[in-house]
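The structure appears right after this line, and notes come after that.
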Amino acid sequence: MIKITEHPLNPEDVTSTVFSNEAGAVNVFIGTVRGTTKNKKVVKLEFETYLNMAIKEIEKIIEAARHKWPIQHMIIHHRVGTLTVGEIAVVIAVSSGHRKEAFAACQYAIDTLKETVPIWKKEVFEDGEEWVSAHP
Amino acid sequence: MIKITEHPLNPEDVTSTVFSNEAGAVNVFIGTVRGTTKNKKVVKLEFETYLNMAIKEIEKIIEAARHKWPIQHMIIHHRVGTLTVGEIAVVIAVSSGHRKEAFAACQYAIDTLKETVPIWKKEVFEDGEEWVSAHP
Amino acid sequence: MEVEILAFGITRDIVGGSTFKIFLEREATVSALKELLYQKYPKMKQLRSLMIAVDNEYVDEGLELKGQEEIALIPPVSGG
Amino acid sequence: MEVEILAFGITRDIVGGSTFKIFLEREATVSALKELLYQKYPKMKQLRSLMIAVDNEYVDEGLELKGQEEIALIPPVSGG
């Protein structure tokens, strides 16, 4: 249901796990490493995590989504370590009876993950590096 | 970019096509055949289409989405013919720089597809059959 | 003029085939075609909606038909 | 009391390691800990936010620390 790993993520594995005969809709969000940010060329991203707490916070997201919407399954995989441009950082898959709930729960999950889950990324440029969102 | 086919759909094929180094977000919607509808057990679904017009209407959806949001790629595959419970009827994948646009464009695409694209499905139950949404 | 019409979904079941022919006055409107259909196939009046497509495009009720177009009946769609 | 603190992300860079020790008064609040941190590491004041986690949970500024907890600095997160 939850995985935080240094190994490459496979969206197909995550997606296939949420299918169910009672679900008519599956929504999947995949976050990838963009090649440019604020007009600067990104060389790589370095993700780190406070693992136990991150797992707990992701559990809270799934639990909250289950209370808000009648979803069938929600799976969240996040990668950490060094990622190059184009690689997948996060995959969230949600299944539900109808599509509205799948979209809403998936968007809630990624929005909340970005606010609460202790994972940090440092963007490495050709001429420097920066912890994303650290400063106002 | 658009495919309407009697062969099984592969979400992985659709998704992998939208990845791009300039996209940070990918959203995928997968519609599957639910095993029950209005408390009745579904045996199978039969989809038919007015092919040339359906392609044209899907082209309009992609064109409109491109005007509404700064998306990178949008791919829509729809299956027709006889589908059994759990099989995939539609896959829509969208990539964009940021996640908000990917979610919005993907939801717009499936909502509009269900309103405008000439594809019809007949639900076959154990004791009868019904064209979905045909009657008030 | 006699026009051939394509029928899909539940309209195919109602007319009993994927195409059928109907006699229309010259330059009859889409609205007039729908009236004729409702007279000949009363079950079509019970549909949630009935759109007409001409040459692969949804058209307004006021459009005049020339007889050379590809005309299709579009009952409520239900893809996805 | 001396407590060991975990530092992540930019706070790890600021303190120069993934853990560090700091002296606190007995039952010091989280708020008092943050004041001490800001004095010792002024760069932490420039962060968009600085949360404290105790035993893997975000805590309020008023919580009193006993010294046996797992305490961690949580600068602005940026996963996804």
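The values are calculated or read from the model by the stated rules, or taken from the named source; none is laboratory data. As the structure is a computational prediction, the values presented were derived from the model and not from experiment. Note that each Cβ is placed from the backbone with ideal geometry, even for glycine, and that neighbours are counted across all protein chains shown.
A few comments on the model shown:
- Scanning region A:82-136 for residues that are modelled with pLDDT of 95 or more, among the acidic types (Asp, Glu) and in contact with a strand residue (DSSP E or B) (Cβ under 9 Å, 6 or more places away or on another chain) yields A:GLU87, A:GLU101, A:GLU123, A:GLU129, A:GLU130.
- Consider region B:2-51 and keep the residues that are acidic (Asp, Glu) and more than 20 Å from A:SER20 (Cα to Cα). The one that is farthest from the other protein chains (Cβ to nearest Cβ) is B:GLU6.
- Condition check for A:VAL94: farther than 14 Å from D:GLY80 by Cβ, within 14 Å of the chain's Cα centre (by Cα) and β-branched (Val, Ile, Thr): yes
- Residue pairs meeting the criteria (Cβ under 6 Å; at least 6 apart or on separate chains; first over 10 Å from A:LYS121 (Cβ atoms), in region A:39-57; second surrounded by 15 or more Cβ atoms within 10 Å (Cβ to Cβ) and modelled with pLDDT under 95): A:VAL42/A:GLY35
- Given (1) surrounded by fewer than 21 Cβ atoms within 10 Å (Cβ to Cβ); (2) in contact with a Lys or Arg (Cβ under 6 Å, 6 or more places away or on another chain), index of the condition B:LYS44 fails: (2)
- Residue count for region A:100-129, restricted to those that are away from chain D (no Cβ under 12 Å) and assigned to a strand (DSSP E or B): 3.
- Single residue of region B:104-120 satisfying the filter (out of contact with any helix residue (DSSP H, G or I) (no Cβ under 7 Å at 6 or more places or on another chain) and either buried (at least 22 other Cβ atoms within 10 Å of the Cβ) or among the charged types (D, E, K, R) (or both)) that is farthest from B:LEU51 (Cα to Cα): B:CYS106
- Subset of region A:36-60 [over 22 Å from A:GLU6 (Cβ atoms) and either out of contact with any Asp or Glu (no Cβ under 8 Å at 6 or more places or on another chain) or not β-branched (Val, Ile, Thr) (or both)]: A:LYS38, A:ASN39, A:LYS40, A:LYS41, A:LYS60
- Just one of (1) at the interface with chain A (Cβ under 9 Å from one of its Cβ atoms); (2) under 12 Å from the mean Cα position of the chain (by Cα); (3) basic (Lys, Arg) fails for B:ARG79. It is (1).
- Count of region C:16-62 residues which are of a type outside the set (Gly, Ala, Ser), farther than 25 Å from B:TRP120 by Cα and under 13 Å from the mean Cα position of the chain (by Cα): 3
- Within region D:48-80, tally of residues that are crowded, with 16+ Cβ neighbours inside 10 Å, in contact with a Ser or Thr (Cβ under 6 Å, 6 or more places away or on another chain) and either at the interface with chain A (Cβ under 9 Å from one of its Cβ atoms) or part of a loop (DSSP other than H, G, I, E, B) (or both): 3
- Inspection of region B:61-73 finds a residue satisfying the criterion of being buried (at least 19 other Cβ atoms within 10 Å of the Cβ), within 14 Å of chain C (Cβ to nearest Cβ) and either modelled with pLDDT of 95 or more or closer than 27 Å to A:ASP13 by Cβ (or both).
- Pick from region A:59-87, criterion touching a helix residue (DSSP H, G or I) at 6+ places or on another chain (Cβ under 7 Å) and among the hydrophobic types (A, V, I, L, M, F, W, C), ranking: farthest from A:PHE29 (Cα to Cα): A:TRP69
- Verdict on C:SER18 being under 23 Å from B:THR112 (Cβ atoms), modelled with pLDDT of 95 or more and of a type outside the set (Lys, Arg): no
- Lone qualifier among B:GLU101, B:GLU123 - being buried (at least 20 other Cβ atoms within 10 Å of the Cβ), more than 15 Å from the chain's Cα centre (by Cα) and closer than 27 Å to C:LEU47 by Cβ: B:GLU123
- Breaking point among (1) more than 15 Å from A:ILE88 (Cβ to Cβ); (2) touching a helix residue (DSSP H, G or I) at 6+ places or on another chain (Cβ under 9 Å); (3) of a type in the set (Ser, Thr, Tyr), for A:SER20: (2)
- Only one of the numbered conditions (1) within 8 Å of another protein chain (Cβ to nearest Cβ); (2) touching a Cys at 6+ places or on another chain (Cβ under 8 Å) is violated by B:VAL132, and that is (2).
- Meets criteria (under 13 Å from the mean Cα position of the chain (by Cα), within 14 Å of chain A (Cβ to nearest Cβ) and of a type outside the set (Asp, Glu)) for B:ILE58: no
- Top-ranked residue in region D:1-16 [being in a loop (DSSP other than H, G, I, E, B) and more than 14 Å from chain A (Cβ to nearest Cβ); ranked as surrounded by the most Cβ atoms within 10 Å (Cβ to Cβ)]: D:MET1
- Scanning region D:24-47 for residues that are touching a residue at least 40 places away in the same chain (Cβ under 8 Å) and either closer than 21 Å to D:ILE14 by Cβ or crowded, with 16+ Cβ neighbours inside 10 Å (or both) returns a single hit, D:LEU24.
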